[in-house]
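The values are calculated or read from the model by the stated rules, or taken from the named source; none is laboratory data. Here the structure is a predicted model, which means the values were calculated and not measured. We place every Cβ from the backbone using ideal geometry, glycine too, and count neighbours over all the protein chains shown. Heavy atoms of the whole protein, side chains included, go into the accessibility calculation; ligands, DNA and RNA do not. Shrake-Rupley method; radii C 1.70, N 1.55, O 1.52, S 1.80 Å.
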Amino acid sequence: MSIFQGKSVLVLGGSRGIGAAIVRRFATEGAAVTFTYAGSRAAADQLAAETGSTAVLTDSANRDAVIARVRESGPLDVLVVNAGIGVFGDALEQDPDVIDRLFQINIQAPYHASVEAARQMPEGGRIIVIGSVNGDRMPVPGMASYAVSKSALQGLARGLARDFGPRGITINIVQPGPIDTDANPENGPMKDLMHSFMAIKRHGRPEEVAGMVAWLAGPEAGFVTGAMHTIDGAFGA
Ligand code: NDP
């Protein structure tokens, strides 16, 4: 398969988990892929060597670094914003600086990266942000800041779709349910609770999310924009 042959793709947060699966998918289909990482240099170097992609250190908590990275990437055919973190615990006990850092990574970086990418993006460009089904449904306590951040991405997609649609650029949110990664391992302590909410009682695989991202980035999805695309085993149903 080579539907992304010659396409320029930037993945923010690609060193591990869902992001790494997205990097693999685009690289396998012929794209020139650059991805960012923050803490996982060894994993990033390994993935770059495996896929022929380029790994660059860019902390999504640093707004100006994110904007500069996108600008320096030149005209992108596809931007994927995957980097995201969770902070769990009692909202009354949490350090506001920690919560603001989550908002920086999960909301502000996707917003500024999307706007910056659109400055140079050609017609047919695609922006895809990884949200969460928790943007729609938050069935447990202790994750309000994460839910806020993923709900905010819904407004981002709806609004920027209006701004960029006339130029043929689409923007969409992919909303996974539980996916088996370092952040949410299938064998973790929350497994049974999470599966109790689902119709398909297993964690999804990062490759399944990458498949949805690839479809949204591909030639069949040019009329799809400003929308949320949930892949969650009916967690949110
Ligand atoms: P992981 O923790 O397994 O991987 C996170 C990735 O994001 C890593 O490559 C990490 O890079 C990168 N990243 C994190 N913080 C930063 C930062 N400050 N700057 C740059 N890169 C960063 O997470 P997942 O793969 O599970 O999650 C990926 C996305 O999917 C997130 O947005 C998450 O909210 C979302 N999601 C995940 C679900 C799940 O069940 N796994 C469910 C729903 C949504 P590095 O290690 O180099 O810092």
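Among the trypsin sites (Lys or Arg not before Pro) found in the stretch 140-234, those both in a DSSP coil and sparsely packed, with 14 or fewer other Cβ atoms within 10 Å of their Cβ, are 201, 202. Maximal additional length on extending the residue 3-residue 67 stretch stands at 20.3 nm, based on 0.36 nm per residue less the C-alpha distance.
Site pair residue 193 and residue 41 shows an inter-label distance of 3.6 nm when each label is modelled 7 Å from Cα along Cα→Cβ. Straight-line cross-link partners of residue 201 among the lysines, defined as a Cα under 28 Å from its Cα and at least 8 positions apart when in the same chain: 150, 191.
Stretch residue 50-residue 201 to full length: gain in nm at 0.36 nm per residue minus the Cα-Cα span?
So the chain would gain 51.2 nm between residue 50 and residue 201.
Pick from 55, 199, 65: which is most flexible by mean-square fluctuation in a GNM of the chain where alpha carbon atoms under 10 Å apart are linked? Result: 199 has the largest fluctuation of those listed.
Comparing 76, 216, 92 in a Gaussian network model of the chain, where Cα atoms under 10 Å apart are tied by springs, the biggest mean-square fluctuation is seen for 92. In the P(r) worked out for the stretch 8-231, what percent of Cα pairs fall beyond 32 Å? Cα-Cα pairs of the stretch 8-231 separated by over 32 Å account for 13 percent. Amide H to amide H distances under 5 Å link residue 55 with 35, where only residues 5 or more positions off or on other chains count and H is placed in the peptide plane. For the pair residue 137 and residue 28, the difference between a 0.36 nm per residue extended length and the Cα-Cα distance amounts to 35.9 nm.
For the chain, the relative contact order is 20 percent, taking Cα pairs closer than 8 Å that sit 6 or more residues apart in sequence and dividing their mean separation by the residue count. Using the Cβ of residue 225 as centre and a radius below 12 Å, the other residues enclosed give a net charge of +3, where K and R count +1 and D and E count -1.
Please return the longest stretch of the chain lacking exposed loop sites, where GluC sites (Glu not before Pro) count only if DSSP places them in a loop and at most 16 other Cβ atoms lie within 10 Å. Segment 1-92 is the longest. Taking the protein heavy atoms of the stretch 71-215 in the context of the full set of protein chains, the accessible area attributed to carbon and sulfur is 53 percent at 1.4 Å.
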